Amino acid sequence: MKMKLNPKSNLSSPELNRRQFVAQTARGLTLGALFAGLPKGWVGSAFASDAPETTKMRFGMIALTDCSPIVIAHEKGFFTKYGIESVVAKGANWAAIRDSLSSGDNQGTHMLIGMPIASTMGLLGSPKKPMIIPWLLNRNGQAITLKAGWNGKVAADPKALKLEVEKAKKLGEPLTFAMTFPPGTHAMWMRYYLGAGGINPGDGSGAKADISLITIPPPQMVANMKIGKMDGFCVGEPWNARAIADKIGFTSVTTQDMWKDHPEKVCAFTADFADKNPKAVKACLKALHEASVWLDDMNNRPEQCEIVSKPTYINCDKDIILGRLLGKLDYGDGRTKTDEWPMHFSKRNCNYPQPAYAKWWLTQFRRWGMVNGAPDYEGVAKQVMRPDIYLEAMKEIGVTDRAEDNSPWTMFDGVTFDPKGDLEAYGKGFAVSNLKG
């Protein structure tokens, strides 16, 4: 049987083509209007989520006041606000903290600024593991403590120690000083301080050393000085204030006396974790920003000390922690002052991961023989310091006033560092050094 086509269904009909065109155009306009109203993250038939790739994150910390941004972000719910279920775990020492980050047990950690640099380069006993710094946790707030027996003999000038060092060397009993980790901040402050006094701390192997420089975890500094194991140490607060409270030592200089507004601790991640979890890293930075702003409200500092003084974190009397956070600086040898540069966490562009700081660290690695020949100053700084991640995270929460700073600065010995200058000449230019290669 032959089928007959309905004349009205003729596909070549001009009227039908016009109707189809109008209908199709209307449908297209409707869909276009719908798509125009969708968020930027729309992909195909689903939304591209801004949620962190991983929500459960474990953060390492050491018992020092500058762990506060991580602790406050956890305790005040700022991590939770940005989708991170946080756990904060206290480490026994800096090597344990580094290894927990490298192994993936911790996803982020409180670290000395030199540690991710050394780990990325595989220096000073660090297994080679690329790490990044997208966030500086704080500035200032460390000090060099000397034993009480030198009270009145040595104040802020390390040159006054030279005679004591020479006497001990002649007796075959070199003086002992402590820091917390070889490539870290406390090691560099102690080395720089001794070098400014004409005292060579050696290269770590004992060569050229005028003194013995040992590694002690921060919470154990006071106990070791109390039993006479060392003559001085460099550590973060509250352990310098604790040494004064226990009448076993005094502060020679604070590190902000040595370098005003210097960088100190960082929040570090492995490069591999950051590459695989960029949204999670940014979520952490947003939480740390809110915690840091809260911390820099001086009215919040008593509550900060209530929280971080707990055994879970620092395990130290809250009033000992609070004094120096408020700028009440008693050196323990009769000198007192109101500190204009106490530890802070957000203001003065605190958190920007400045490449200039990595370059300075590399010059000190060069100076003290921790590298053989000139390091790749520019390349390592670019690899480790990640202002791109920092700026992207801050832009997403409306913080747009942070910028790179390559201004020179002058240390307490009168020597100026210019991050745009000849870095190799600076690293090799100190009278006291242990250059290799």
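The values are calculated or read from the model by the stated rules, or taken from the named source; none is laboratory data. Predicted, not measured: the structure shown is a model, and the values here were computed from it. Cβ coordinates were reconstructed from backbone atoms using ideal geometry, including for glycine residues, and neighbour counts include every protein chain displayed. Only protein heavy atoms, including side chains, enter the accessible area calculation; ligands, DNA and RNA are left aside. Shrake-Rupley method; radii C 1.70, N 1.55, O 1.52, S 1.80 Å.
Give me the net charge for the shell around GLN142: Cβ to Cβ below 9 angstrom, other residues only, Lys and Arg +1, Asp and Glu -1.
-3
So what's the Cα pair-distance distribution over segment 51-110, bin width 10 Å, in %?
Spelled out bin by bin, segment 51-110 gives 24, 53, 22, 1 percent.
Whole number in Å², please: accessible area per residue of the chain, 1.4 Å probe, ligands, DNA and RNA not counted.
In whole numbers, the chain has 44 Å² accessible per residue.
Looking at segment 114-159, what % of the alpha carbon pairs are farther apart than 12 Å?
71
If the viscosity is 1.306 mPa s and the temperature 10 °C, what translational diffusion coefficient in µm²/s does Stokes-Einstein give for segment 330-401 when Rh comes from Kirkwood over Cα pairs?
104
If you average over every viewing direction, what projected area does the convex hull of the Cα atoms of segment 282-437 give, in nm²?
12.3
Can you give the Kirkwood hydrodynamic radius for segment 362-437, in Å, rounded to one decimal and based on Cα pairs?
Kirkwood radius, segment 362-437: 14.5 Å.
Carbon and sulfur atoms: what percent of the 1.4 Å accessible area of segment 290-437 do they account for?
About 48 percent, which is the carbon plus sulfur part of the accessible surface.
Can you give the calculated 222 nm mean residue ellipticity of the chain, where each DSSP H run of n ≥ 4 adds -39,500 (n - 2.57) and the sum is split over every residue, rounded to the nearest 500 deg cm²/dmol?
Taking each H run of at least 4 residues, the total per residue is -11000 deg cm²/dmol.
Excluding SER86 itself, calculate the net charge of residues whose Cβ lies under 10 Å from the Cβ of SER86, where each Lys or Arg counts +1 and each Asp or Glu counts -1.
Its environment carries a net charge of 0.
So what does the Cα-only Debye profile of segment 145-272 read at q = 0.12, 0.19, 0.20, 0.21 Å⁻¹, as log10 I(q)/I(0), no solvent term?
With no solvent term, the Cα-only Debye profile gives -0.43, -1.09, -1.21, -1.34.
Would you mind checking segment 155-184 for residues with the amide N under 19 Å from a putative spin-label position 7 Å along Cα→C-beta of ALA207?
Zone members listed by number: 182-183.
Got a sec to turn the phi values of segment 334-341 into Karplus ³J(HN,Hα) couplings, 6.51 cos²θ - 1.76 cosθ + 1.60 with θ = phi - 60°, whole Hz, x for Gly and Pro?
Once rounded to whole Hz, the list reads x, 7, 9, 6, 8, 7, 7, 10.
Does segment 194-351 classify as rounded, prolate or oblate by the C-alpha gyration tensor (a ≥ b ≥ c root eigenvalues; a/c under 1.5 gives rounded; else a/b over b/c gives prolate, otherwise oblate)?
Oblate is the answer for segment 194-351, as a/c is 1.5 or above yet b/c matches or exceeds a/b.
Among DSSP bridges having both ends in the chain, what percentage is antiparallel? Round to the nearest 5.
65
At 0.36 nm per residue, and after removing the present C-alpha to C-alpha distance, how many nm does the segment from ARG335 to ASN299 gain when stretched out fully?
Length gained between ARG335 and ASN299: 10.3 nm.
Starting from the Cα of LYS170, draw a straight line to each of the aspartates and glutamates and keep only those under 17 Å, dropping any in the same chain fewer than 8 residues away.
By straight Cα distance, LYS170 reaches ASP210, ASP231.
Please list, in order along segment 145-155, the HN-Hα scalar couplings obtained from phi with the Karplus expression 6.51 cos²θ - 1.76 cosθ + 1.60 (θ = phi - 60°), rounded to whole Hz, x for Gly and Pro.
9, 10, 5, 4, x, 9, 4, x, 9, 10, 10
Two decimals is fine: what's Rg over Rh for segment 73-210, C-alpha atoms, Kirkwood radius as Rh?
Result: Rg/Rh = 1.07.
So what's the chain giving for Rg/Rh, alpha carbon basis, Kirkwood Rh from the mean inverse pair distance?
Dividing the radius of gyration by the Kirkwood radius yields 1.19.
Can you tell me how segment 310-353 classifies by the Cα gyration tensor, rounded, prolate or oblate, using a/c under 1.5 as the rounded cut?
Oblate, since a/c reaches 1.5 and b/c is not below a/b.
I need the phi-derived Karplus couplings for segment 361-372: 6.51 cos²θ - 1.76 cosθ + 1.60, θ = phi - 60°, integer Hz, Gly and Pro marked x.
For segment 361-372, the Karplus curve yields 4, 5, 5, 6, 4, 5, 4, 9, x, 8, 10, 9 Hz.
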